[in-house]
Structures are given as structure tokens and as C-alpha cells.
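Okay, so here's the structure we're looking at.
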Amino acid sequence: MDTLALPTSDRIVVSNGPPRRSALDVLRRRGKLFAATIAAILIATVAVVLLVPKSYTTHVQLIAGRTATGDSQQTILPVLNAILDASKGQTAETYAEMLREEPVLERTIRSAHLPVTTARLARHIAVHPRTNTAIVDVGVSWHDAADSARIANALADSFVALRRDLVVSQAESAAAFITEQLPEAKAKLGRSAAMLATFQAKYGLADADAQTQSTIAAISDTERKIAATEVDQKQAAAQLAVVRQELGGTTETIGGGNQVAQNPAVVQLQTQLAQTDVQLQNARAQYTDEHPTVKALQTQDAQIRRELAKTPATVVAQTSTIVNPVRQTLTQTAATLSAQIAADAAQLNVLRAQHAGAMPALRALPKEAAKLLALKRQVKLDEDVYNALEQKLSQENIASTTTLSDVSVIARASAAQAEVAPNALVVMTIGALLALIIGLTTVFVVDRLDGRIRTERDVAERLGLPVLSSIPQLPDRASRPGWLEVTMVDAVLQLVTSLRYASSEPLSTIAFTSADPESGKSSVAFKTAVAMAELRPRVLLVDADLRLPSVHQLLDTKRSAGLSDLLVGTVTFDEAIRTTPHAGLDVIVAGTSVPNPFALLQSPAFERFLQEAKKRYETVLIDTPACGAVMDAAVVCGRAEGTVYVVASRETDATRATGGLRRLQNAGVRNVVGVVLNKVEPVRSSIGPYGIAPGTTGALPPARPRDIRSL
């Protein structure tokens, strides 16, 4: 007898691996998982937006370096000029590192009245120097926009003030030294003037002649220069002591940031590309495009272009620890002061030599005239020293009050321009994209790893057998809607119809088996028997699962004498038959437990039983054990005219299902007519408008067979 399920006369076709499905098919199969994954991620994203405390970030921008040019940068103090010149060479990266130092943070905390430590404040500050510019962007994150702007502006002001204080401190140290020297110079001038007045009153001498005055003036000028140089030397020595004291309290190095430069590899590749292009043009002028030289140059050109495309245009030219700019400035200042002290010492030697050379001419003058000129010279000298000190003090005071910082604020922070984090729109957008990506990934991974059969298409692809019917999974009768009963009845009737036309001749004996005992084969066999009895009476249902029988439970009866007793001869055929409430349906239950069911089913007695059953009944349905566990099913299925393979949707693994079919095939079973997909998730739209008439409650029409409604 030929069956529709067998593509060949002797083989059951099964797939060796999971089928290839389109993305749309996978999404249809895993629609609920996809929707649940996306919903979970979106809910988590919303929770992040709602529960994570908001942070407000404001930005203040600084420009490093003085904006004045030329002489406007210079002061009247050489030492101060040296300090300003030393500060010109600092990069924006250097200032970015200095912004994170303890003195700046401490001053910011004091000015903004913040109850935090410097370490905590530093965690809220992000400094970003703009590459190849003198601009530094400082961002401050805080839980309030107004406080964020206030702290950012306080940080900028503190840094500007500290940079100015570094320069002003040098001028203040010089002013302090001059202030100490002024009283002594004034007293010395007073004493010299008094001595001159006393001498003139005593001797009544007038001014000397022109030659004498010229000699005296030259000597006085030399002595004035000597005095001024000595003052400068002492002032520089005092400043040098202050600078060395400050050097002892500064670190030697800080992080120097990154410096970006053009990638030298790009320059080299561009040069090679230009040379290759010229060579290629010359070659094309001489040869055709098929010439080996042209092809080689084309290959070389393409290779260079690929290398150029994947080579970054810029590289980090320097990433290293640099000398602390503050210490560097102080070191340069100390060097300048030391050089000035050495220069003053050399100048003093020259001036003193000049003074010693002029003294013989002074000694040749008359005693009274020489004395008068010496007193006048001393008065002039003391007056010049005093005036020079006063002038320098005035200059130092002006410098300390008017000196500008080498850092300026070009854009202050504003609460109205604060950036909010997390940004709800950005977070939701990212969350939606992640949800889509993770959802798709999860669906495809699960679909790849999950080998359970779900749909009729899975059956066709993995088992290579036709689907006779898809039986829906029913809930408890109390909560069962009417449309679901209609779906169940139609599914069972479809199975009966499929079995009727599954072969060229009607099947008189049909076995039901499955790969797993939990697939519901016994329930499917019972429903099929009830439906067949309504449509075509004289149906016998036999429970041949002698290991785990269940037909008696479906009929709500006890496990009394049955098939096992009939086969061993303790009861007759008529004694083993049990009538049922369903007209036209008789049942033979499994009977008494036996130690070796396989031997009993393989015995000639079972063959004689089948022959007798076929004589008395039009159709015999046999519930067999699961073929994936024991060989009992193969024996029964081999003696039946057709075999129905039951698979539980979303439960039966495809590998186990194909394994069960192979066990049947290896045992010589060639009569599998198709597959019943059991426990299918019911869908209301699957029956269309035919299941329930408008205005009804969902009950079955009276024309339906009464026993089928009990399914």
C-alpha cells in the first residue's frame, strides 16, 4: 500500500540539521521573544532616565598666553620681564594640567564656599585643551545647573588669579627689599648734606673751576654707578632667595598632555602615490592597459591608496610627563637672577677700576678744594641712590597692581546653557537602537540554538513528512471559549480526513506513536477514535502502551483486564473489549502489567489479535509507546497498515524527533503516513468567520456530531 508520506518506497526522509530561514521567518517564529526583549530593554531605559539622578554640566573657556604684543608686554623691571617671557611658551595642555592642581582646587572651594574635598571636586571637573590652539575648555558637572555654572566660573577666576599672583609675587619681593633700603639711604643723604653745609660755612669756599668740576663729576658718576649696581645686586640676591624658597615647595614634573602632528607615514604614502601616478601616466602613454608594466603600476597604485585610506592622518606626537611649568618658571627666574648678580659683579669690577684710575687726579687738587668736591660728590651720590630707590619702589608698586595674568576667560559658564545628563531623548534613542540590536541578536541566537519544533513548516523542513493536522492546546473546560472548541473539532476532523486519503486504500489499522511520552499521542489517538466513530462506526481503540498506559485514564475507568491479559490467554477477545459512552467506539485497555512487554507484542498472539480486530471492526487505532525510548512502538507500527507520528509544538526537540523516526526506519517501519502537530498555540483568527455565527455565544451548531463536542 502506497502512502503520501513516503517520497520513496523504502525511506523516511529526515533533515540532518536546522533549516536556513529568512530573517522575516525567524521574526515571525520568535515574535513574542523579540517583543519581550525590546520591551524589557525599553523599560530598563525608561527606568534609567527616571531614576538616575540628573547631572548638569556647564562650560567655561580660557585662553592661555598674554594677548599684548611688542613693547606692551615689557615692564621696567628686567626680572619681571624674564618671568613674563618664560610664561609665553606654555601650551594649552600644560595649563590643563595646572588647572587640576591642589592650589587651584583649594582656592575654588574657598571662593565658592563648597563643603567638599579637593579630590571630590576634581572628579566633577573635566578639562579639555583644544588641539593646536591656546584655548582650554573646562566643564563642571553638578546636581544643580546654577551651582555648576557658579563653580565653573569660580574655578576659572581662581586659576586666573593664581597665575597673576605668581607674577606679582616677584614684584612684591623686590618692593619689600627696596622699602627696607630707603630709610638707610635717606639718612645717609642727610648726613652727607649736613657735612657739606658745615664745611662751606667754615671755609667759605665757592664752586671749583670747570676742569676741577669735570674731574669731580666723572668720579661722582662712577661712584653713582657703583652704588646703583650694588643696589641691583643686593635686590637680585634678595629675589633669588625668595625664588629658591618657592622652588622647594613645587614638584618637578606634571603630565604634559598630548600633542598631535601630521602622520609622517601619510606624507610618505602621498609622495609614493604621486610618483606612482606619474609613472602610470607615462606607462599608459607608451603601452596599452594590458601591458605588464601598466598592470603592475595599477596594482601598486591601488595598494598605496588602500594603505593611505587606513592610515590615520594625524598621530600623537608627544605623550609624556613634562617639567612643572611653575617650577620651570621659577628655575628660569632663578637663572636670570643669578646671571644678573654675576653681571653686576663684573660691572662693579670695571667701575671700581675706573674709580681707582681717577683718584690720582682728585688727590692733586688743593686740600680744601678737594675736600669740598669730595663732600659735594658724596651728597650727589647719596641723592642719586635715594632717588633711584624711590623710583624703583614706585615702579615695583605699579607692576604689582597693574600686572595682568597670562590666562584670560573668554566665555563664562551659564546655567541656561547647561547640558543635562542623562539626556532623555539621547538615552531613549540609544536604548531603542540597543533594544532593536539586542532583540534581533537574541531572536536569531535563540532560534539557532533552540531546536524545538513549533510550526508545520518546521515539521516539513526538519522531518520531511506532511502534517496531517495541527491540534490546538486546550485550557481547562471551565475557561474554554466556544471558538476554541470549534478550532479543536475542525482540527480533529481534518486529521480524520487526512487519514482517509493518506493512501490509495483505506487504512484499517493505524498506530500512534511519538518521540516522547509527553507529546500527547494517547490524547490524539483517543480524539481521532471518537471522531471516526461518529463519522464511521465500528472503531476499536487499543492501548498497546503496556509500560505507561493512559487510555483508561482518558475514559476515567480502572486499569482492568485488557490487551496483556488477552495476549497471554487469561481472557478472551470479547472479555477484553470495553464499551464507551461514545457510540460506535470500543476500547481495549492495556491490561495487567507484564515484566516483558516487548516480547508480548512481538509474539504471534499479537498478530492473531490484530487479524481478529480487523475482522470485527472497520478501523483499529493503536496507541503505542514512545519510539524514542523503547522498541515496543517499532514492533506495533511494523504490523499496522499506517503510522501517525505525534509531535508536541514548542516541546519536542527536532533532534529527538528525527531520532525517533530513524529508530522506526532502522526497525523496518515504512508506513509513516504523516505527522500530527499537537499542543499548538491556538489563534482566534485561524478559523475565520466560519466558527461562530454573529450574535451567538460561541456554542457549536446543532449539526455538529454530539460526541465530537465532548473533545
Rounded to the nearest 0.05, FRET efficiency between ASN132 and LEU348 (Cβ-Cβ, R0 41 Å) equals 0.30
So for R0 = 25 Å, FRET eff. of ASP301-ASN263 from the Cβ-Cβ r, to 0.05, ends up at 0.80
Rounded to the nearest Å, the spacing of the alpha-carbon centers of segment 525-583 and segment 97-111 is 93 Å
The answer for VAL571, listing residues at least 5 apart or on another chain whose modeled amide H is closer than 5 Å to its amide H, is LEU566
In nanometres, the difference between 0.36 nm per residue of separation and the alpha-carbon distance of LEU449 and GLU172 is 91.8 nm
Rounded to 0.05, the calculated FRET efficiency for the beta carbons of THR253 and ILE430 at R₀ = 51 Å is 0.80
In nanometres, the difference between 0.36 nm per residue of separation and the alpha-carbon distance of ARG164 and THR579 is 138.4 nm
Filtering trypsin sites (Lys or Arg not before Pro) in segment 531-622 by DSSP loop and by at most 14 other Cβ atoms within 10 Å leaves ARG538, LYS558
About its Cα centre, segment 463-686 carries a charge dipole, from +1 on Lys and Arg Cβ atoms and -1 on Asp and Glu Cβ atoms, whose size in debye to the nearest 20 is 240 debye
Once ASP147 and THR293 are pulled to full extension, the length gained, defined as 0.36 nm per residue separation minus their Cα-Cα distance, is 45.5 nm
Distribution output for segment 463-686: share of Cα-Cα pairs per 10 Å bin in percent, first bin at 0, values 8, 36, 38, 16, 2, 0
With a 25 Å threshold on alpha-carbon distance, the violating pairs from LYS32/LYS527; LYS225/LYS376; LYS202/LYS392; LYS558/LYS615; LYS234/LYS371; LYS371/LYS392 are LYS32/LYS527; LYS202/LYS392; LYS558/LYS615; LYS234/LYS371; LYS371/LYS392
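Where a number appears in this text, it was derived from the coordinates with a stated rule and is not lab data. If you're wondering where the values come from, they're calculated on a predicted model, not measured in any experiment. Every residue, glycine as well, gets a Cβ built from its backbone with ideal geometry; the counts of neighbours run over all protein chains shown.
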